[in-house]
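Report on the structure given below.
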Amino acid sequence: MKLNKIQVGDRHFIEVSKTIKIVLFLLVIISMQACQNSPKEYVSQEQENPNITKLKGQSAEFAPEIIKLNEYVYVAVGYDGSNASMVIGEEGVVIVDALRALGAAETVAEKFQEITSKPVKAVIYTHGHDDHTGGTSAFIGNSKDVQIIARAGFKDGLQGSSPVEPILKQRNARQFGRDLPAKDIINRGVAPGITPTDRAGEGYIEPNITFKDSLLVSLADLDFELHAADGETNDELFVWIPGLKTLFTGDNYYKSFPNLYAIRGSQYRDVKSWGESIQKMSTLPVEYLVPGHTRPLSGKSIVHNNLKNYATAILSIYRQTIDAMNKGYTLQQTVDSVRLADSLIDQPNLQEFYGSVPWGVRSIFLHYVGWFDGNPTNLYPLSSSQEAKHIIDLAGGEKKIFEQLSKAVEDGDYQWGLQLADALLQTDYQKPKVIEVKVKLLRALAAQQVNAPARNYYLSYSYELEKNKEL
């Protein structure tokens with residue numbers, strides 16, 4: 001009898017096991033079908049990428065605060081997209097950069113006046129970008145005697161004077177995520193994700209003093225040295241106050257790998273000169289450093305090390321690019337070969353929150369040799385539609401490409417998926433579905449980005465594509 005009970009129990013166990021296996025098998029089949037039929041669901045279920053966590057941490061760099069750097073220098077961080085500073089002298093104060101939105105500048109001006117009621121004697125523009133020049137009138141009020149100082153050629157060649165201003169504005173909005181819904185906004189890499197728009201640019205006042213190479217001047221009874229320093233713009237300068245051991249770098253330095261090329265579109269940023277400008281700054285006995293964006297630094301050793309590795313990184317990218325070009329590398333081969341040294345890649349001030357090494361490499365390459373990369377195949381390439389047709393034919397038709405598109409999504413091979421989607425979009429095959437998948441791929445790539453402009457551009461374009469269906 002015991003034997004029979006054991007046999008009955010075994011049979012019962014075996015039957016239950018079979019049932020469980022069948023159920024599990026069916027669940028696997030259902031799951032696989034769900035993945036095949038809806039690749040977008042696979043994309044949407046991913047957890048937060050460590051790069052996004054890292055990018056969120058960068059937001060601490062522009063938490064709103066008036067920072068007392070020393071007894072004479074105060075820096076307003078996080079009230080707008082850039083920094084504005086006040087230097088207090090015996091006879092008055094000097095403002096270095098003036099924000100973009102007049103409303104934000106008025107807020108900062110009031111906070112500065114709570115610190116000192118001394119009159120503003122001068123305003124210095126480190127360069128011509130609107131986010132450093134738009135709020136000047138808030139600081140000087142009705143005074144007609146304020147010196148407003150900038151480099152010769154101030155604002156020349158900037159976006160507003162470009163014949164392609166409409167597309168630059170559109171790309172600018174994408175880079176900065178200006179039209180993104182609030183739920184998608186993190187930050188802009190070196191600035192808050194949302195910046196004030198209250199009377200943006202309406203406080204701008206033109207310079208009344210300009211210089212070419214350098215200017216030594218006494219302002220508010222303090223000695224200032226202003227030096228031309230090509231870099232992010234060709235009208236950039238840095239401000240050195242020897243008596244206060246304080247340096248204002250403008251946008252040639254901030255806590256991020258530098259934006260050697262802006263994906264919104266810009267004239268060539270002289271990478272070699274940029275690195276040399278930072279090198280020159282690093283030779284000064286600086287104890288207090290004020291960047292154009294992100295928080296200021298204190299301590300001679302800290303400042304020197306940050307400037308030194310910044311200059312080294314920029315010049316290294318430049319030299320590696322030039323070397324690769326002289327070896328006959330194509331553009332993509334050059335991009336693939338250039339990287340930051342191991343000693344630099346983990347430095348906190350060289351993380352790619354705003355700039356990107358590959359973007360810088362491409363900019364240098366195109367600056368020196370133009371669009372032709374040296375490969376004769378690219379002298380008269382096929383049109384996008386012709387190339388897409390050949391790829392599709394080679395793959396066995398649109399259906400095969402679409403299958404590979406779905407596979408790329410499931411495999412997490414999002415860049416390849418985008419390229420396949422673009423090939424299919426040259427045809428009319430399953431166009432609404434392909435657009436839908438492309439939108440999801442753009443958002444999947446955005447979810448992996450530590451670089452804020454790239455993330456914002458992916459997301460902005462995805463919303464435009466979702467809305468317009470024809471981008």
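Points worth noting:
- Listed conditions (1) assigned to a loop (DSSP other than H, G, I, E, B); (2) open to solvent by less than 20 Å² (accessible area, probe 1.4 Å) are all met by VAL123, apart from (1).
- TYR354 closer than 24 Å to GLN175 by Cβ, at pLDDT 95 or above, aromatic (Phe, Trp, Tyr) and over 18 Å from the mean Cα position of the chain (by Cα): no
- ALA104 being buried (at least 24 other Cβ atoms within 10 Å of the Cβ), aliphatic (A, V, I, L, M) and within 17 Å of THR197 (Cα to Cα): yes
- Yes/no for LYS407 being open to solvent by 90 Å² or more (accessible area, probe 1.4 Å), in contact with a Gly (Cβ under 9 Å, 6 or more places away or on another chain) and part of a helix (DSSP H, G or I): yes
- Summed over segment 176-205, residues that are within 12 Å of the chain's Cα centre (by Cα) and closer than 17 Å to GLY292 by Cβ total 7.
- Counted residues, segment 206-239 - those being open to solvent by 10 Å² or more (accessible area, probe 1.4 Å) and not in a loop (DSSP other than H, G, I, E, B): 13
- If you go through segment 419-434 and pick out every residue that is in a helix (DSSP H, G or I) and surrounded by fewer than 19 Cβ atoms within 10 Å (Cβ to Cβ), you end up with 5.
- If you filter segment 378-387 down to residues that are surrounded by 12 or more Cβ atoms within 10 Å (Cβ to Cβ) and under 31 Å from the mean Cα position of the chain (by Cα), you find that the one that is nearest to TYR429 (Cα to Cα) is SER384.
- So TRP371, is it surrounded by fewer than 20 Cβ atoms within 10 Å (Cβ to Cβ), under 25 Å from the mean Cα position of the chain (by Cα) and not in a helix (DSSP H, G or I): yes
- Leading residue by the ranking (most open to solvent (accessible area, probe 1.4 Å)) among those in segment 158-185 that are charged (D, E, K, R), at pLDDT 95 or above and closer than 12 Å to ILE263 by Cα: ARG171
- Filter result (in a helix (DSSP H, G or I) and open to solvent by 10 Å² or more (accessible area, probe 1.4 Å)) within segment 443-453: ARG443, LEU445
- Any hit, segment 408-417, residues being closer than 30 Å to LYS327 by Cα, modelled with pLDDT of 95 or more and out of contact with any helix residue (DSSP H, G or I) (no Cβ under 8 Å at 6 or more places or on another chain): no
- Failed item, numbered, when SER143 is tested on (1) open to solvent by 20 Å² or more (accessible area, probe 1.4 Å); (2) assigned to a loop (DSSP other than H, G, I, E, B); (3) more than 30 Å from GLU71 (Cα to Cα): (3)
The values are calculated or read from the model by the stated rules, or taken from the named source; none is laboratory data. No experiment lies behind these values; they were computed from the predicted model shown. Cβ sites come from the backbone with ideal geometry, for glycine too, and all protein chains shown count toward neighbours. Only protein heavy atoms, including side chains, enter the accessible area calculation; ligands, DNA and RNA are left aside. Shrake-Rupley method; radii C 1.70, N 1.55, O 1.52, S 1.80 Å.
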